[in-house]
Amino acid sequence: MDNFAQLKKNVMSKQMLAPSLLSANFGHLTDDVELMNNSRCDWFHLDVMDGVFVPNISFGFPVMEAIKKSARKPLDVHLMIVQPEKFIPEIKALGALVMNVHQEACVHLHRVLHQIRDAGMKSGVTLNPATPLCMIEDVLEDADLVLLMSVNPGFGGQKFIERIYDKTRRLREMIDRRNLSTLIEIDGGVNRKNAAALYGAGADVLVAGSAVFGAVDPVAEVDILKGLVPR
């Protein structure tokens, strides 16, 4: 059973959490990665921004290579960039489990999702808060994961957009109606106040940055967000 299949199996027994390293301390990045290695999180979420698709720049391949050397959990690379398909070979070489691209950034989304799968990675497609679910209706079978942004992409620490609860429920209905095993991931403003409701709405994976790395005890916060201990 490969890593992704095992993670899907885990969904049946527990909620999954992916700490976003965008909120880690870049002055001590290796320390924060090791901290999460020793937590019960499920994978690392890497937010890559180009200053074009989103109004910010995060980090590139040198930083991701450094993360790769320390990470002992799978990598979910979220590309908030234009023409993300240009970097499929580099993301594959990084050893990423999931390559996540925005619907809004891909003119030929069907092709890109299959290029990701052909490269040996799991295909992820992301929707901005204002992008309706109908935009991926015809490629849902081609995606191993759908990421719903619950903030506008580009900056960490934003307030959670409440309408994402309903959007998550509707996406879960779409997936279940087609009998697909596609995972639902939520990214943006996730914290201990909304985590349980998001899982209840049908989310499989929650991305949490500020909530984890801004906590007094990040390892304990992972357990709280996964519902392993009381909130």
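So, in region 90-139, how many residues would count as being loosely packed, with under 15 Cβ neighbours inside 10 Å and part of a strand (DSSP E or B)?
Result for region 90-139: 0.
Suppose the filter is at pLDDT 95 or above and touching a Phe, Trp or Tyr at 6+ places or on another chain (Cβ under 7 Å); does Ala197 pass it?
Here the answer is yes, as Ala197 does meet what is asked.
Among the residues of region 196-217, write down those that are over 28 Å from Asp144 (Cβ atoms) and either surrounded by 14 or more Cβ atoms within 10 Å (Cβ to Cβ) or of a type in the set (S, T, N, Q) (or both).
Of everything in region 196-217, those that are over 28 Å from Asp144 (Cβ atoms) and either surrounded by 14 or more Cβ atoms within 10 Å (Cβ to Cβ) or of a type in the set (S, T, N, Q) (or both) turn out to be Gly214, Ala215.
Can you confirm whether Met174 is touching a residue at least 40 places away in the same chain (Cβ under 8 Å) and part of a helix (DSSP H, G or I)?
Here the answer is yes, as Met174 does meet what is asked.
Considering region 42-73 alone, what residues qualify as being hydrophobic (A, V, I, L, M, F, W, C), crowded, with 17+ Cβ neighbours inside 10 Å and assigned to a helix (DSSP H, G or I)?
Met64, Ile67
For region 140-171, name all the residues that are buried (at least 19 other Cβ atoms within 10 Å of the Cβ) and either assigned to a loop (DSSP other than H, G, I, E, B) or at pLDDT below 95 (or both).
Once the filter is applied, which keeps residues that are buried (at least 19 other Cβ atoms within 10 Å of the Cβ) and either assigned to a loop (DSSP other than H, G, I, E, B) or at pLDDT below 95 (or both), region 140-171 yields Ala143, Asp144, Ser150, Val151, Pro153.
Only residues that are in contact (Cβ under 8 Å) with a residue 40 or more places away in the chain and within 22 Å of Val146 (Cα to Cα): list them for region 67-91, please.
Pro74, Asp76, His78, Met80
The values are calculated or read from the model by the stated rules, or taken from the named source; none is laboratory data. Computed from a predicted model, the values in this text were never measured in an experiment. Cβ coordinates were reconstructed from backbone atoms using ideal geometry, including for glycine residues, and neighbour counts include every protein chain displayed.
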